[in-house]
Amino acid sequence: MDIGEAKLLFSRVPKEKLGFFPTPFHKLNRLSEELDVNLYIKRDDFTGIGLFGGNKIRKLQYLMADAKAKGCEYVFTYGAVQSNHAMQTVTACRRCGLKPVLYLVSIVKPDEHDVRSNLLLDKILGAEIHIIEESGIDTEILEERSIELAKEHMRKLEVEGHKCYDIPMGGASYIGTAGFIEGFAEMMEQAAEEGFVPDYVFHGTGTGGTAAGLVAGRNLIESRTKIISINVSYKPESFSDKMAVLSNNALEYIGAKPCVKADDFMFDLNYYAPGYEIPNVGASSAIKRLAMNEGIIIDPVYTGKAFYGLLDYIESGKIAKGSNVVFWHTGGATALFAEKEILGELY
Ligand SMILES: *Cc1c(COP(=O)(O)O)cnc(C)c1O
């Protein structure tokens, strides 16, 4: 189907209007010339609701609508202590009059006398915050524990007659993912107005909801655009199968036919080392390069690693000169004001 038909599907899906859409889309002239490609940027760092927006607001528009339709009072979600998703969920809850409860896993230990970045915003916004920490224990195990503890908490509230809405890490449910099907159509319309079809879209991928939505959107409108999802943390090979299920469930949710297969995804694990929330030299230099050439700020955890991947694909010749390349800025610059272990060598 064409972009107009895809957009029409969304008129029937319950949505809570949050933030500012469409987000800006523009060319990066100086870097385009330097790299010999047409490089554009999709500014989801400007989604709102406040100054510190990002990609999760697209998902939260659909998640908040579902929570309200179900008559929920509390919203639970998960992430790292400096989670962008958690912070954006809290802002969305406040906007919708829902009570936010966070179960956060400590990867980099916060200093309670010097609270920073997203955790500071969560506190200003008055979220109920539970931090799960224990040194020497795998992040995955801590994440499982945070989910168990939250489930127990929700059971208690439900017994007392309070309805709770449970949002998975990153908002990566099929309902949240629908937001990025819409996002893809929005960007393609902007590209068409500029008179081109993107050959490549690059973005950072964590829980995968963004990738699942973009790929579903791409397949839905039968576009030839390649979506390169740069991982910011380790994922097993089976991840693509999981993501195809997520894409197809999201397509069914908006009333479209499932049309995504595992090999429609292009995940790239080559740019995140040594790990999630641990900076690397390539990402630091990518952050500096975008800042110095275009005055645009990206972050060490997600967008810096994604932009590092984009630059490497272009400069190593994996992408032909003259290609139309879109970098999806997913937000996250608050990480620059987090604990210095997260920051990396930027000055
Ligand atoms: C969450 C996040 C991502 C990754 O999105 P997923 O849908 O979880 O894959 C990318 N960039 C930033 C800044 C994020 O906060």
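The values are calculated or read from the model by the stated rules, or taken from the named source; none is laboratory data. Only a predicted model underlies this, so the values are computations on that prediction, with no experimental measurement involved. Positions of Cβ are generated from backbone atoms using ideal geometry, with glycine treated the same way; all protein chains shown enter the neighbour counts.
Summary table
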read-out	value
Failed item, numbered, when E148 is tested on (1) in contact (Cβ under 8 Å) with a residue 12 or more places away in the chain; (2) under 16 Å from Y78 (Cβ atoms)	(1)
Output for region 273-312, where each listed residue is part of a loop (DSSP other than H, G, I, E, B) and among the aliphatic types (A, V, I, L, M)	A273, I296, I297, I298, V301
Matching residues in region 200-219 - criterion: being over 13 Å from A6 (Cα atoms) and either more than 10 Å from the ligand (Cβ to nearest atom) or modelled with pLDDT under 95 (or both)	Y200, V201, F202, V215
Flag if A306 is of a type in the set (G, A, S), in contact with a strand residue (DSSP E or B) (Cβ under 6 Å, 6 or more places away or on another chain) and over 26 Å from V115 (Cβ atoms)	yes
Any hit, region 180-199, residues being within 13 Å of the ligand (Cβ to nearest atom), modelled with pLDDT of 95 or more and closer than 26 Å to V101 by Cβ	yes
Answer residue from region 225-239, given it is polar (S, T, N, Q) and within 13 Å of the ligand (Cβ to nearest atom) and is surrounded by the fewest Cβ atoms within 10 Å (Cβ to Cβ) among those	S233
Of all residues in region 65-121 being touching a strand residue (DSSP E or B) at 6+ places or on another chain (Cβ under 7 Å), of a type in the set (V, I, T) and under 19 Å from Y302 (Cα atoms), the one that is surrounded by the fewest Cβ atoms within 10 Å (Cβ to Cβ)	I107
Strands (runs of 3 or more DSSP E) contained entirely in region 1-93, each with at least 2 residues that are modelled with pLDDT of 95 or more and within 14 Å of the ligand (Cβ to nearest atom)	38-43, 74-80
The listed residue being farther than 23 Å from R43 by Cβ, within 12 Å of the ligand (Cβ to nearest atom) and in contact (Cβ under 8 Å) with a residue 40 or more places away in the chain, out of E252, E222, E277	E277
Residue, farthest from L102 (Cα to Cα), within region 120-145, restricted to residues that are without any contact (Cβ under 8 Å) to a residue 24 or more places away in the chain and within 22 Å of the chain's Cα centre (by Cα)	E140
Residue within region 131-139 that is within 16 Å of the ligand (Cβ to nearest atom), touching a Gly at 6+ places or on another chain (Cβ under 8 Å) and β-branched (V, I, T) present	no
Residue in region 111-142 that is modelled with the lowest pLDDT, counting only those that are of a type in the set (D, E) and under 21 Å from S233 (Cα atoms)	E134
Flag if G317 is more than 12 Å from the ligand (Cβ to nearest atom) and either buried (at least 18 other Cβ atoms within 10 Å of the Cβ) or under 22 Å from the mean Cα position of the chain (by Cα) (or both)	no
Condition met for Q82 (among the polar types (S, T, N, Q), under 30 Å from L149 (Cα atoms) and in contact with an Asp or Glu (Cβ under 6 Å, 6 or more places away or on another chain))	no
Options A192, A172; residue that is within 20 Å of the chain's Cα centre (by Cα) and under 30 Å from D268 (Cβ atoms)	A172
Region 257-272, residues that are assigned to a strand (DSSP E or B) and of a type in the set (D, E, K, R)	D268
Cβ pairs under 7 Å, 6+ apart, first in region 73-84 and more than 16 Å from R116 (Cα to Cα) and in contact (Cβ under 8 Å) with a residue 60 or more places away in the chain, second in a helix (DSSP H, G or I) and polar (S, T, N, Q)	V75/T89; T77/T89; Y78/S146
Breaking point among (1) outside any helix (DSSP H, G or I); (2) away from the ligand (no atom under 13 Å from the Cβ); (3) not aromatic (F, W, Y), for K156	(1)
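Every residue, every condition in (1) closer than 30 Å to H329 by Cβ; (2) in contact with a strand residue (DSSP E or B) (Cβ under 7 Å, 6 or more places away or on another chain); (3) small (G, A, S), yes or no:
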| site | (1), (2), (3) |
| --- | --- |
| G136 | no, no, yes |
| V159 | no, no, no |
| K163 | no, no, no |
| D166 | yes, yes, no |
| G176 | yes, no, yes |
| F180 | yes, no, no |
| A185 | yes, no, yes |
| M188 | yes, no, no |
